[in-house]
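Encoded as structure tokens, the structure appears first; notes follow it.
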Amino acid sequence: MSTKGKFENGIATTYDSVTLETVAKMAPIVLYDDFIASSLVIPAGGAAESGSLWTKKLVAGGTAALIAGVNGLAECALAVADEAQSAYLYTNDNLQFSIVNGLIFEAKAKLSVLPTLGSEAQIGIGCVYGVPDNMAYSVWFSADGSGEIFCETDDNATDKSVTSGITVVNTAEHYYKIDCSDVTDIKFYIDGARVATTTKFGFAATGANALVQPFIGLYKASSAGLGTIVLDYVKLWQKRS
């Protein structure tokens, strides 16, 4: 391992030359959570508590919590019952980030139980919480059915979902990065390599419609489908304007 530096969208960043994890960024607006406070109970959405960055949205048997583990971990999971379920971590609809301000999202995560049957997973950013397929504004990685990872954008005018060409297994962690520096050509990366390179992902919404929050978890409308995401860290950074 060695640490190297570069400029992304005019922001100085340092990164691990082996894993390509962004180590530090000289951005005015930064969110970084390594989930090291495993004893903290994450409150429910709409009931945020002082000292807790995250809230959770649980429907039926879904679970979301910080868990013990090296470097700190958070987990979202669905249960086997044949019913509608959700298990999401988000910041209580506090939309503090703007896609048009050159937002970059990065997370290290493992699909420790691959989504099965009707289950689907999302790792990225979105607007006010809702059923994922109904949310008007979003940019994220998704997975359903197998370990195939898709890149998706929706600006309430154009909805795109394109395979990344990457299929993951349940034993491996991966680095997921979304670069919104150019809103006419949003870029997706897995383990440092750009994916879905033949598709141009644009995001035309501006103003309040470009405001987002981290949005990570799983959903199913019915079925006995399962799925679990284990998060090592989440990082977002952007320019102030």
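The values are calculated or read from the model by the stated rules, or taken from the named source; none is laboratory data. Keep in mind it's a predicted model, so treat the numbers as computed, not measured. Positions of Cβ are generated from backbone atoms using ideal geometry, with glycine treated the same way; all protein chains shown enter the neighbour counts.
Scanning for something under 16 Å from G51 (Cβ atoms), free of Cβ contacts under 8 Å to residues at least 40 places away in the same chain and exposed (fewer than 15 other Cβ atoms within 10 Å of the Cβ), does segment 5-22 turn up at least one residue? There is no residue in segment 5-22 that is under 16 Å from G51 (Cβ atoms), free of Cβ contacts under 8 Å to residues at least 40 places away in the same chain and exposed (fewer than 15 other Cβ atoms within 10 Å of the Cβ).
Looking across segment 211-232, just one residue is more than 15 Å from L31 (Cβ to Cβ) and in contact with a Phe, Trp or Tyr (Cβ under 6 Å, 6 or more places away or on another chain), and that is G217. Of all the listed residues (V18, V41, V80, V30), the sole one being among the β-branched types (V, I, T) and part of a strand (DSSP E or B) is V30. Here is the figure for segment 44-73: residues that are part of a loop (DSSP other than H, G, I, E, B), closer than 23 Å to N94 by Cα and touching a residue at least 24 places away in the same chain (Cβ under 8 Å) total 6. Condition (residue is modelled with pLDDT of 85 or more, in contact with a strand residue (DSSP E or B) (Cβ under 6 Å, 6 or more places away or on another chain) and closer than 19 Å to F97 by Cβ) applied to segment 21-30: is it met by at least one residue? Yes, some residue in segment 21-30 is modelled with pLDDT of 85 or more, in contact with a strand residue (DSSP E or B) (Cβ under 6 Å, 6 or more places away or on another chain) and closer than 19 Å to F97 by Cβ.
Scanning segment 23-43 for residues that are among the hydrophobic types (A, V, I, L, M, F, W, C) and in contact (Cβ under 8 Å) with a residue 40 or more places away in the chain yields a count of 6.
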